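Right, one structure below, let's go through it.
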Amino acid sequence: MIDTPGVRLVKADGARSERRAGISAVSVTENRFAMANGRRYRGRLNVLRDPTGLTVMNRVPVESYLAGVIGGEMGPRRADERQAMLAQAVVSRTFALKNRGRWEPQGFDAWADVRDQVYAGVAGETAEVWGALRATRGEVLRYHGDLIYAYFHSTCGFSTAGVDEAFKTAQSQPYLRPISDASGGGHYYCELSPRFRWRQEWDGAKLRAILSRTLPAMMNAGGGGLQRITDIEVTRMTASGRVGELRIAFEHGDVRVLGPDVRAVLRPEADQMLGSTSFALSVTKDGGQVSRLIAAGAGWGHGVGFCQWGAVGRARAGHDYRRIVTTYFPGTNVERLY
């Protein structure tokens, strides 16, 4: 039997509609919302069938989209941290508008996960979030009149990174360069973060298992699989003090992993990226091969642009949101777009 592709609408009584190319759900009652996977969404939900399965799209105004983003990005904030929330609103708005149309071939503007910004729909909204959006309505960051590439991350650790340190294909920009997060006296604005400092450890077996999965695309492992790992060392640092190159040595040769690839290669777990590329290594060997590897690291995320925990620290120190965002993106201006 041939199953005709399409989408069927299942009614409340269990009856099914004829197959359609797609369906839409729209909120028509005040304080009631369209739902998908147990989550509520404003605006319209479009459900389409394509060769890979079902795609659910939420068509929603920009400010409503941002309301579902900012709370998840910043979490609840105290009164003396409000300026950090406002700063995130400006950064997230700029990011959304700059990247609009990037996924046009797929029929939408943004993924609802870390490929763009994590979007939780109505569940992400709070009075605090809507207050931040109203206070910054239409405000964006521009450099010489153009919307900027508004990268952001959790915790820089001590300094943000240049865009070329984290992304291979990103265009170098004057406003995406390393910025110190020092607050004076040996302290840093983002030291409030629970991920300001971290430690990761692998024993020999776990290290081999991880690299067996992450390295094949970068080297010829041969028919017998991964060779014995004899050493791992940092061979180059970047301008901001991050790992620019990692050398992994084997019995018969080595492989050099460039900075933008390090977090994806040296994973703590198969499904988890390394916290950052700011770390120092401690290597223990037994019988000529690595038996234990420890990475002592700083910060969390790619490190480029806006440091979220740094913004919280700066807000506590009395900086307003315009000062915060233009510090992390030097040479830019906050301007009202609408």
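All of the numbers you see were taken from the coordinates with simple rules; none came from a lab. The structure presented is a predicted model; accordingly, all values stated were derived computationally and were not measured. A quick note on method: Cβ atoms are made from the backbone with ideal geometry, for glycine too, and the neighbour counts reach across all protein chains shown.
At a glance:
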| item | result |
| --- | --- |
| For the chain, alpha-carbon Rg and Dmax in angstrom | 23.3, 74 |
| Percentage relative contact order, the stretch 197-298, counting C-alpha pairs under 8 Å, at least six apart | 34 |
| Segments 41-50, 293-302 sorted - mean Cβ within 10 Å per residue, highest first | 293-302, 41-50 |
| Förster radius 25 Å - calculated FRET efficiency between residue 171 and residue 337, Cβ distance, rounded to 0.05 | 0.70 |
| Stokes-Einstein diffusion coefficient of the stretch 197-298, Kirkwood radius over Cα pairs, 20 °C, 1.002 mPa s, in µm²/s | 157 |
| Computed label-point distance, nm, for sites residue 256 and residue 118 using a 7 Å Cα→Cβ extension | 3.6 |
| Cysteines, the chain, no other Cys beta-carbon under 4.7 Å | 190 |
| Extension gain (nm, one decimal) between residue 137 and residue 44, 0.36 nm per residue minus Cα-Cα | 31.2 nm |
| Cβ-Cβ FRET estimate between residue 264 and residue 182, R0 fixed at 22 Å, reported to 0.05 | 0.15 |
| Spacing of the two label points (7 Å from each Cα toward its C-beta) at residue 79 and residue 285, in nm | 6.0 |
| Sum of -39500 (n - 2.57) over DSSP H runs of 4+, divided by residues of the chain (222 nm, nearest 500) | -6500 deg cm²/dmol |
| Candidates 318, 121, 107: whichever shows maximal mean-square fluctuation once the chain is modelled as a Gaussian network with Cα springs under 10 Å | 107 |
| Residue 271-residue 144 FRET efficiency (beta carbon distance; Förster radius 41 Å; 0.05 resolution) | 0.50 |
| Inter-label distance, nm, simple model (7 Å from Cα along the C-beta direction), residue 235/residue 201 | 2.9 |
| Value of relative contact order over the chain, rounded to a whole percent, pairs C-alpha under 8 Å and six or more apart | 19 |
